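Input: a single structure, listed below in structure tokens.
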Amino acid sequence: QVQLVESGGGLVQSGGSLRLSCAASRSISDFYIMGWYRQAPGKQRELVASIISGGTTNYADSVKGRFTISRDNAKNTVYLQMNSLKPEDTAVYYCCAHTILNSYWGQGTQVTVSS
């Protein structure tokens with residue numbers, strides 16, 4: 001088991017930036033993949049970015065070049081730096097920790113981008 005707590009969401013104007021944090025209750029090195037997902041109203045949850053234990057990252061096409069995922073193993077924290085935000089980035093953002101058998105989700109943090 002692990003508890004994941006997201007923070008850093010809020011209201012920002014189009015073109016602005018936010019940094020989301022996901023603090024884990026245990027070592028994130030225990031998890032093969034750490035990911036950020038988002039869910040907009042009326043839409044399915046989608047993968048935004050992921051980072052594996054070796055450091056390789058993966059991004060949704062819609063955020064490539066604008067978002068950066070990183071991890072600080074010493075702080076058991078994963079970050080999502082979001083730049084050049086667009087209104088279509090508005091969603092609840094969730095952190096997830098994946099093992100081979102299980103996935104653990106945080107409670108989410110709201111990001112709202114005004115035009």
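A few points about this structure:
- Per the conditions (1) open to solvent by less than 20 Å² (accessible area, probe 1.4 Å); (2) of a type outside the set (A, V, I, L, M); (3) closer than 15 Å to A91 by Cβ, the sole criterion not satisfied by F31 is (3).
- Applying the criterion of being open to solvent by less than 30 Å² (accessible area, probe 1.4 Å) and among the aliphatic types (A, V, I, L, M) to the residues of the range 1-17, the residue that is nearest to M34 (Cα to Cα) is L4.
- 2 or more residues over 14 Å from Q3 (Cβ atoms), in contact with a helix residue (DSSP H, G or I) (Cβ under 9 Å, 6 or more places away or on another chain) and open to solvent by less than 30 Å² (accessible area, probe 1.4 Å): qualifying strands (runs of 3 or more DSSP E) within the range 72-115: 109-114
- Residue list for the range 1-18, restricted to those being closer than 13 Å to L85 by Cβ and of a type in the set (S, T, Y): S14, S17
- The residue pairs whose first member lies in the range 11-22 and is farther than 11 Å from T109 by Cα and β-branched (V, I, T), whose second member is at pLDDT 95 or above and open to solvent by 20 Å² or more (accessible area, probe 1.4 Å), and whose beta carbons are closer than 9 Å, counting only pairs six or more residues apart or on different chains, are V12/L18; V12/T112; V12/S114.
The values are calculated or read from the model by the stated rules, or taken from the named source; none is laboratory data. In this text, all values refer to a predicted model and were calculated from it rather than measured experimentally. Neighbour counts run over all protein chains shown; Cβ positions are idealised from the backbone, glycine included. We work out accessible area using only protein heavy atoms, side chains counted, and drop any ligands, DNA or RNA first. Shrake-Rupley method; radii C 1.70, N 1.55, O 1.52, S 1.80 Å.
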